[in-house]
Amino acid sequence: MGKRRQQYHLEPDRGLLNDPNGLTYFKGKYYVFFQWNRFSKDHSYKEWGLFTSKDMIRWNFEGSALLPDQYCDKDGTYSGSGYVINDRLYLFYTGNTKKQGVRKSYQCMAVSDDGRKFLKLGSVLETPAEYTEHFRDPKVLGTENNGYYMLAGGQRKSGMGALAICHSDDGLNWKYAGMPAVTEKYEMIECPDLFKLGENYVLLYNPQSRDNEKDIPLDSFSAVKIIDFNEEKGTFSDSDLDQNYARMDQGFDFYAPQTFEDGSGRRILYAWMSRMDDAQEKIFAAGEPNIHCLTLPRELKVEDGRLLQKPVRELRQMLGEEVKAVRQEKPAAEAGEGFTAEYALRGRAFCMSIDTGKTDWSREFKIVFHGGESSLSYRPEDQLVIFTRKNWVTEKPESKECRINGFKNAEIWADRSSMEIFINSGKTVFTSRVWTEESAPKIEISGIPEEMQIEVHEIDKEIL
Ligand code: FRU
């Protein structure tokens, strides 16, 4: 097995994974579909693969679920969502087709009674006249009194991005219902999601810059905004996608998040843990059976108008032995006024929590993982959190930073080749893949005063 293959993140046994798709809780099981190229570690082919689980801890890899084998999806069963209607699991996805290089998209449906066999029902919607054929990623939501909506991402004929909304009384017959929001800065919007959380509606979307002439993507990121959604009209209180949004993640690798509601009413998110370019993918995949994984499942909350992401509580069942630190005081010049602490680990997978017990932490600290493979530091002068990893293409360190409003706590979930860092109860998140070196697994902290609570646990379990 390759050394970058993960231990407790979902990834298939071969090929390339991208977006999470069709997330649902159906008849007592979690369904996590995903974009999959089962033939090679590149983007030349797309189908849906499937993982299932009863508890989000132990997973079964079920293999292929939706193949590109019909007139309306022959060049890829692209991203989409799942929704349970009358005890049946419906899947909504984009059928991508190309004829002599010309793209045509169809929004398609499939249905299952047992979560094993998926019957394709064909195309349910062709691209509305206002959009180009960059029209995809249907996300379905039910309402209390007005049937179902389907939100899709797209590009207007002007070449700039927009959302589209469709309506259905029964979830089976769909009609285009309007353009609820647009961007004048990005050429495309991918993988939108819309859901109610408490009193709020939360809109997730992924603005993408494209070179329209060459028809290639250039850059993209995930955005979130809290809006009012008019369930009767299918309109948003704010139709400007270029304003009043927050970036969902501050790290290197997070994209195409999708959410679902589980059996207990929690709103749970998975995302694709990658923003790698071709050169990065090639080197990262070398010597491995597969490339890319999903993020950990995260429970969402809205607090004071901000989205909070926290690893679901079930994951704590994976925590193994607590690792005790070897603590020693260092001269002030070397370690600020604090202590240094070192944790020697058996493996690279661990969960670390840090609690300052305060809201106005004013000392600098730095945490170095595995002898410098990556690090996290906090600079109180400007309240800056900095995550650094080694870029495996240039072989130089590279950083991402984010200003926060005072450091209070952090939870760090590390797997063999990834770090998910949740700061201040999940208000600020850094998600990144990391390059694995030969160094022994360990954590070194400098600049911590005694009153900081730190807990480190090994994670030995495999989830597949
Ligand atoms: C996002 C995306 C989607 C599309 C899918 C194809 O990563 O480009 O818009 O449906 O990937 O794999």
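The values are calculated or read from the model by the stated rules, or taken from the named source; none is laboratory data. The structure presented is a predicted model; accordingly, all values stated were derived computationally and were not measured. Neighbour counts run over all protein chains shown; Cβ positions are idealised from the backbone, glycine included. Protein only, heavy atoms only, side chains kept; ligands, DNA and RNA dropped before computing areas. Shrake-Rupley method; radii C 1.70, N 1.55, O 1.52, S 1.80 Å.
Counting the residues of the range 246-279 that are away from the ligand (no atom under 14 Å from the Cβ), open to solvent by less than 20 Å² (accessible area, probe 1.4 Å) and not in a loop (DSSP other than H, G, I, E, B) gives 4.
Annotation for the range 245-261: no member residue is without any contact (Cβ under 8 Å) to a residue 60 or more places away in the chain, acidic (D, E) and out of contact with any His (no Cβ under 8 Å at 6 or more places or on another chain).
Of the residues making up the range 381-394, those that are more than 16 Å from S417 (Cα to Cα) and open to solvent by 30 Å² or more (accessible area, probe 1.4 Å) are E381, D382, Q383, T394.
Note on the range 14-66: enclosed strands (runs of 3 or more DSSP E) holding 2 or more residues that are of a type in the set (F, W, Y), more than 22 Å from K461 (Cβ to Cβ) and open to solvent by less than 10 Å² (accessible area, probe 1.4 Å) are 29-37. Note on the range 280-319: residues that are open to solvent by less than 10 Å² (accessible area, probe 1.4 Å), among the basic types (K, R) and more than 17 Å from the chain's Cα centre (by Cα) total 0. Answer yes or no as to whether D215 is within 25 Å of N146 (Cα to Cα) and among the acidic types (D, E). No: the conditions fail for D215. Applying the condition of being modelled with pLDDT of 95 or more and at positive phi to the range 164-214 and asking which residue is surrounded by the most Cβ atoms within 10 Å (Cβ to Cβ) yields C191.
For the range 1-58, residues that are at pLDDT below 95 and within 16 Å of the chain's Cα centre (by Cα) total 0.
Need a quick list: strands (runs of 3 or more DSSP E) entirely within the range 396-463 having at least 3 residues that are within 14 Å of G372 (Cα to Cα). Explain how you work it out, then say what you get.
Numbers: elements: 397-403, 409-415, 418-423, 428-433, 442-448, 453-459.
So the answer is 397-403, 442-448.
Within the range 222-234, restricting attention to residues that are without any contact (Cβ under 8 Å) to a residue 60 or more places away in the chain and surrounded by 15 or more Cβ atoms within 10 Å (Cβ to Cβ), the residue that is farthest from the chain's Cα centre (by Cα) is F229.
Exactly one of these conditions fails for L23: (1) over 29 Å from A286 (Cα atoms); (2) touching a helix residue (DSSP H, G or I) at 6+ places or on another chain (Cβ under 8 Å). Give me its number. It fails just one condition, (2).
Take the conditions of a type outside the set (V, I, T), open to solvent by less than 60 Å² (accessible area, probe 1.4 Å) and at pLDDT 95 or above and apply them to D219. Does it pass? Please lay out each step first, then the result.
Values: of a type outside the set (V, I, T): yes; open to solvent by less than 60 Å² (accessible area, probe 1.4 Å): no; at pLDDT 95 or above: yes.
For D219, the condition - of a type outside the set (V, I, T), open to solvent by less than 60 Å² (accessible area, probe 1.4 Å) and at pLDDT 95 or above - is not met.
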